[in-house]
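To start, the structure under review is shown below, and the notes come after it.
The values are calculated or read from the model by the stated rules, or taken from the named source; none is laboratory data. For clarity, every value in this text was computed on a predicted model and none was experimentally measured. Methodologically, a virtual Cβ is constructed for each residue, glycine included, from the backbone with ideal geometry; neighbour enumeration extends over all protein chains shown. These accessible areas exclude ligands, DNA and RNA; they are computed on the full protein's heavy atoms, side chains included. Shrake-Rupley method; radii C 1.70, N 1.55, O 1.52, S 1.80 Å.
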Amino acid sequence: MSLPAVLLENALNWRRQLHQHPELGYHEQHTSDLVAKVLTEAGLQVFRGLAGTGVIGTLENGPGPVIGLRADMDALPITEKGTPQWKSTQPGVMHACGHDGHTAILLAAACQLAATRNFQGTVHFLFQPAEENLGGARKMVEEGLFTRFPMDAVYAMHNWPGLPVGSLAVNPGAMMASLDSFEITLNGKSCHAAMPESGADPMVVAAELILALQTIPSRRLSPLASAVVSVTQIHGGEAINVIPEQIVLRGTVRCLQTDVRNRVRGLIEDFVTTLPRPFGVSGEIHWYPGYPVTANHAAPAEQVRDVANRVLGESQVHWQVNPSMASEDFACMLEDCPGAYFWLGADGAEPSAPLHNAHYDFNDDLLPIGITFWQQLVESVLVKSCR
């Protein structure tokens, strides 16, 4: 299926314009203005304000099922080091995860479907803010996404370095891990570094605790379970010759099974409260619950695979791939509505820079592939009754 040349030109211009003007989560004003303008001109009903800067475009074409297609809009607080002509003009902010491409693809797909209307039913095009660690999907759900716009299924795609352009990966079940973060406070007794016996050293406890937490995946869980416990920050101390009174540790937990997620949390809490005691130190932990496991529903995942087989060829479709231990807030939508999340390969002749890397840039060869896939998925799920 060939796409109109003007549509592809528009998609490329939108993508590069968005890359030049990246915006952080919940501040996507320029982005949402562009999205709303394009959708309105294409004849869609446009709704704004969900989760602040979120935009929903609705395309109705007779009675039938209702589905949603989601794109994320926000950028990252990273200084771009690449040198494309469309390099970010915002200091310290860049599209390092391809959300500029996701948005351009979905905008173009909405325009194409509005022009062709070779389906029967309703499509909601969901342009979501704040995917990067700020929970924009959860906020949209909490503000009534699926009550105001009921859907039979919802879908999302993400470009994926490590897979070649023209390939697609999807699973029934887990695609991405859950994400929780924690802050551990260790309270001891400060003293002179030359007289440690007169105090209670939380620094030693911090060292012991960091090592102990690594035994949770390796010794307290089944080898068939998937979990990553990472301590990523340690703060404490002022003078070089003084043992500090308090140490703060921060980190993350990622899991592929909800029961494992709950067990890991309990084990960490046990370590934090019991390990410091023999050292005369007390420990407490504060949790910051993040995203659940991104777990696809079986039927929508099968639908994605079937369309991909037809559009890309069976040899290009990866089924039952290893999930990523990174996280994705589309999981919050999948908790409330059946759906599927999948990856589109992003590597061209040269491997792409990794996601969240200062040298990353979206591969524009993905634009026609993504637009065609969305069109084919809609026409496959919302089949015209006359067929």
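With only Lys, Arg, Asp and Glu charged, each at its Cβ (+1 for the first two, -1 for the last two), find how big the charge dipole of the stretch 254-387 is about the Cα centre; round to the nearest 20 debye.
380 debye
Rounding to the nearest 10 and keeping the result within 0 to 90°, find how far the Cα-based axis of helix 29-41 lies from the longest principal axis of the chain.
The angle comes out near 20 degrees.
Enter the angle in degrees (range 0 to 90, nearest 10) between the Cα long axis of helix 366-381 and the first principal axis of the Cα atoms of the chain, meaning the one along which they spread out most.
Once rounded, one gets 70 degrees.
Set the Förster distance to 41 Å, then compute FRET efficiency between Val242 and Ser181 from the Cβ-Cβ distance, nearest 0.05.
According to the calculation, E is roughly 0.90.
Quick check: the angle from helix 5-20's long axis to the longest principal axis of the chain, C-alpha only, nearest 10 degrees?
Roughly 20 degrees, rounded to the nearest 10.
Along the three principal axes, how long is the stretch 68-186 when you take its alpha carbons, biggest first, rounded to the nearest angstrom?
Between the extreme Cα coordinates on each principal axis of the stretch 68-186 lie 56, 44, 28 Å.
Filter the trypsin sites (Lys or Arg not before Pro) in the stretch 303-384 to those in DSSP coil with at most 10 other Cβ atoms within 10 Å of their Cβ, and list the result.
Answer by residue number: there is no such site.
How much of the accessible area of the chain, in percent, comes from carbon and sulfur atoms when a 1.4 Å probe is used?
Summing carbon and sulfur atoms, their accessible area is 52 percent of the total for the chain.
If all Cα-Cα distances of the stretch 136-193 are sorted into 10 Å bins from 0 onward, what percent lands in each bin, rounded to whole numbers?
All Cα pairs, binned at 10 Å, distribute as 12, 27, 25, 16, 10, 9, 1 percent.
Based on Cα coordinates alone, diagonalise the gyration tensor for the stretch 14-129, multiply each eigenvalue by 5, take square roots, and list the semi-axes in whole Å, largest first.
28, 14, 11
Tell me, what HN-Hα J-couplings in whole Hz come from the Karplus equation 6.51 cos²θ - 1.76 cosθ + 1.60 at θ = phi - 60° for each residue of the stretch 312-325, using x for Gly and Pro?
Running phi through 6.51 cos²θ - 1.76 cosθ + 1.60 with θ = phi - 60° gives 9, x, 4, 5, 9, 9, 9, 10, 6, 7, 5, x, 8, 7 Hz.
Report the antiparallel proportion of the DSSP beta bridges in the chain as a percent, rounded to a multiple of 5.
Once the DSSP bridges in the chain are tallied, antiparallel ones form about 65 percent.
To one decimal place, what orientation-averaged projected area in nm² is obtained for the convex hull of the Cα set of the stretch 142-233?
With the hull built on Cα positions only, its mean projection is 12.1 nm².
State, as an integer percentage, the relative contact order of the stretch 123-249 based on alpha-carbon contacts under 8 Å between residues 6 or more apart.
24 percent
According to the Kirkwood expression over distinct Cα-Cα pairs, how big is the hydrodynamic radius of the stretch 252-303, in Å?
13.5 Å
Can you give the calculated 222 nm mean residue ellipticity of the chain, where each DSSP H run of n ≥ 4 adds -39,500 (n - 2.57) and the sum is split over every residue, rounded to the nearest 500 deg cm²/dmol?
Rounded to the nearest 500, it is -10000 deg cm²/dmol.
Relative contact order (percent) for the stretch 267-387, with alpha-carbon contacts under 8 angstrom and 6 or more residues of separation?
Worked out over the stretch 267-387, it gives 26 percent.
Suppose a student asked you for the relative contact order of the chain, using Cα pairs under 8 Å spaced at least 6 residues apart; what percent would you report?
So the answer I get is 24 percent.
So which trypsin sites (Lys or Arg not before Pro) in the stretch 1-96 pass both tests, a DSSP loop state and at most 15 other Cβ atoms within 10 Å of the Cβ?
For trypsin sites (Lys or Arg not before Pro) across the stretch 1-96 that sit outside H, G, I, E and B with at most 15 neighbouring Cβ atoms in 10 Å, the list reads Lys81, Lys87.
State the answer as a single residue: which of Trp160, His102, Phe373 lies farthest towards the positive end of the charge dipole of the chain, with beta carbon charges of +1 for Lys and Arg and -1 for Asp and Glu, about the Cα centre.
Phe373
What are the extents of the Cα atoms of the stretch 230-387 along their three principal axes, in Å, largest first?
77, 36, 22
What area, in nm² and to one decimal, does the C-alpha convex hull of the stretch 165-218 cast on average over all directions?
Directional mean of the projected Cα hull area for the stretch 165-218 stands at 7.5 nm².
Need the full-extension length gain, Thr232 to Asp336, defined as separation in residues times 0.36 nm minus the C-alpha distance. One decimal, nm.
Between Thr232 and Asp336, full extension yields an extra 34.3 nm.
How big is the stretch 1-48 by Rg and Dmax over its Cα atoms, in Å?
Final numbers for Rg and Dmax: 12.4, 37 Å.
Within the stretch 85-113, find all residues whose amide N lies under 20 Å from a label point positioned 7 Å from the Cα of His30 along Cα-to-beta-carbon.
Answer for the stretch 85-113: 85-108.
Looking at the chain, identify the longest residue range that excludes and avoids all GluC sites (Glu not before Pro) in DSSP loops having at most 15 other Cβ atoms within 10 Å.
The longest uninterrupted stretch comes out as 239-387.
What whole-number value in Å² describes the accessible area per residue of the chain for a 1.4 Å probe?
42 Å²
Say we join alpha carbon atoms closer than 10 Å with springs in a Gaussian network model of the chain; which of Pro129, Pro63, Pro278 then has the biggest fluctuation?
Maximum among the listed residues: Pro278.
Quick check: the distance between the Cα centres of the stretch 157-188 and the stretch 1-58, to the nearest angstrom?
25 Å
Set Lys and Arg Cβ to +1 and Asp and Glu Cβ to -1, take the dipole of the stretch 169-279 about its Cα centre, and tell me which of Ile243, Pro276, Ser190 lies farthest positive.
In the stretch 169-279, that residue is Pro276.
How long are the semi-axes of the equivalent ellipsoid of the chain, taking √(5λ) for every eigenvalue λ of the Cα gyration tensor, in whole Å from largest down?
44, 22, 19
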